[in-house]
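The values are calculated or read from the model by the stated rules, or taken from the named source; none is laboratory data. Note that the coordinates shown come from a computational prediction; the quantities given were computed from them, not determined experimentally. Here the Cβ positions follow ideal geometry from the backbone for every residue, glycine too, while neighbour counts run over all protein chains shown. Calculation scope for accessible area: heavy atoms of the full protein, side chains included, ligands and nucleic acids excluded. Shrake-Rupley method; radii C 1.70, N 1.55, O 1.52, S 1.80 Å.
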Amino acid sequence: CPQEGSGLHYHDLEFQMVFVLKGRSTVRFEGHGEVNFEAGDSWIQPPRIRHDVLYFSDDYEVLEITMPAEYETVQVES
């Protein structure tokens, strides 16, 4: 993750669930602010919610369940 984060973006999909297997991250979600995650945390990410991955640790590992399996990530201007 670059020092300035992933950049504001969204995923064009119908369903996304994220489960943190290892490590930590900080994600800023539009309308919700910054959220810290660590191993054992999970969340369902609403379709097309704009977000920016501000930080993740070197050992960060997640399991993502999405529908469809292949989808577009759209960068947006902040």
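Just for the range 54-68: of the residues that are without any contact (Cβ under 8 Å) to a residue 40 or more places away in the chain and open to solvent by less than 90 Å² (accessible area, probe 1.4 Å), which one is nearest to residue 9 (Cα to Cα)?
Restricting to residues being without any contact (Cβ under 8 Å) to a residue 40 or more places away in the chain and open to solvent by less than 90 Å² (accessible area, probe 1.4 Å), the top hit is 57.
Each row is one residue, and each column tells you yes or no for (1) at pLDDT 95 or above; (2) exposed (fewer than 13 other Cβ atoms within 10 Å of the Cβ); (3) more than 11 Å from the chain's Cα centre (by Cα); (4) farther than 22 Å from residue 77 by Cα.
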{"position": "3", "(1), (2), (3), (4)": "no, yes, yes, no"}
{"position": "19", "(1), (2), (3), (4)": "yes, no, no, yes"}
{"position": "23", "(1), (2), (3), (4)": "yes, no, yes, yes"}
{"position": "39", "(1), (2), (3), (4)": "yes, no, yes, yes"}
{"position": "49", "(1), (2), (3), (4)": "yes, no, no, no"}
{"position": "52", "(1), (2), (3), (4)": "yes, no, no, no"}
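Which condition number does residue 78 fail, the rest of (1) at pLDDT 95 or above; (2) touching a Gly at 6+ places or on another chain (Cβ under 8 Å); (3) open to solvent by 80 Å² or more (accessible area, probe 1.4 Å); (4) closer than 18 Å to residue 9 by Cβ being met?
It fails just one condition, (1).
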